[in-house]
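A short reminder: the numbers here are calculations on the coordinates, not readings from a lab. None of these values were measured; they are calculated from a predicted model. Using ideal geometry, Cβ is built from the backbone for each residue, glycine included, and neighbour counts are taken over all protein chains shown.
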Amino acid sequence: MAATSINRNYLKLKSEMLPYQYSVAREAVDGLPMIRAMFLEEPNAYTLGKSTQYQYLYGPYFLVAPIYQETKVDDEGNDIRNNIYLPQGLWVDYLTGEQYQGGRIINSFDAPIWKLPVFVKRGAIIPMTNPNNTPLEIDKTVRTYDIYPYG
């Protein structure tokens, strides 16, 4: 049952992020794709190789580093993620609020089964809406913003 609850939480987050998704999709019409390889944000010797092939930017503000190999998983599903490259800037763990300086590689990042490594870049303003099962349930009179001040 834990997997069902975890899945439900991520589906809820996906529905709340619909305004951000539309903004990124609009930008992709004439600009960068919605899902971006790391070298598009910061081309360097590390991002131009295979070292960042399993992580990506979702629009300009989110960095997703999925778990793609078992490392130190225990019976409760606790694991770590190694070799997460954060581009220049300040990044915030989206689920815990912990802040990280970019321009470096993070190892031994706590990644229990419920927590996908997702980071948001400082300076982001993320348009959000109410959780919903279908866009017809969106309250168009209310818009919220997740704001990550910088500078």
- [ ] Could I have the simple spin-label model distance between LEU13 and ASP30, label points 7 Å from Cα toward Cβ, reported in nm to one decimal?
- [x] 3.2
Open item on the list: Run the simple label-point estimate for ASN44 and ARG143 please: 7 Å along Cα→C-beta, distance reported in nm.
Closed with: 3.5
TODO: Please report, to one decimal in angstroms, the Kirkwood hydrodynamic radius of the chain built from all distinct Cα-Cα pairs.
DONE: 16.6
Task: Cleavage-rule hits, GluC sites (Glu not before Pro), the stretch 7-114, DSSP coil, Cβ neighbours within 10 Å at most 10 - done: GLU70, GLU76
Task: Whole-Hz couplings from phi, Karplus 6.51/-1.76/1.60, listed for the stretch 31-46; x for Gly and Pro - done: x, 6, x, 5, 9, 10, 5, 4, 5, 6, 7, 8, x, 8, 4, 6
- [ ] Using just the helices of the chain, give the 222 nm mean residue ellipticity in deg cm²/dmol: DSSP H runs with n ≥ 4 each add -39,500 (n - 2.57), and the total is spread over all residues, rounded to 500.
- [x] -6500 deg cm²/dmol
- [ ] Considering Cα pairs under 8 angstrom that are at least six residues apart, work out the relative contact order of the chain and quote it in whole percent.
- [x] 22
Task: Rough spin-label spacing in nm, given labels placed 7 Å along Cα→Cβ, for VAL64 and GLN99 - done: 2.6
Open item on the list: Below 12 angstrom from the Cβ of GLN69, what's the summed charge of the other residues (Lys, Arg +1; Asp, Glu -1)?
Closed with: 0
TODO: Note the count of lysine pairs whose C-alpha atoms are less than 20 angstrom apart in the stretch 1-125, limited to pairs 8 or more residues apart or on different chains.
DONE: 4
Task: At most 12 other Cβ within 10 Å, DSSP loop - chymotrypsin sites (Phe, Trp or Tyr not before Pro), the stretch 1-76 - done: TYR68
TODO: Rounded to whole Hz and in sequence order, give me ³J(HN,Hα) for the stretch 53-66 from the Karplus expression 6.51 cos²θ - 1.76 cosθ + 1.60, θ = phi - 60°, writing x for Gly and Pro.
DONE: 5, 9, 10, 7, 9, 9, x, x, 10, 10, 10, 10, 10, x
Task: Length released on extending from SER5 to GLN88, taking residue separation times 0.36 nm less the Cα-Cα span - done: 26.5 nm
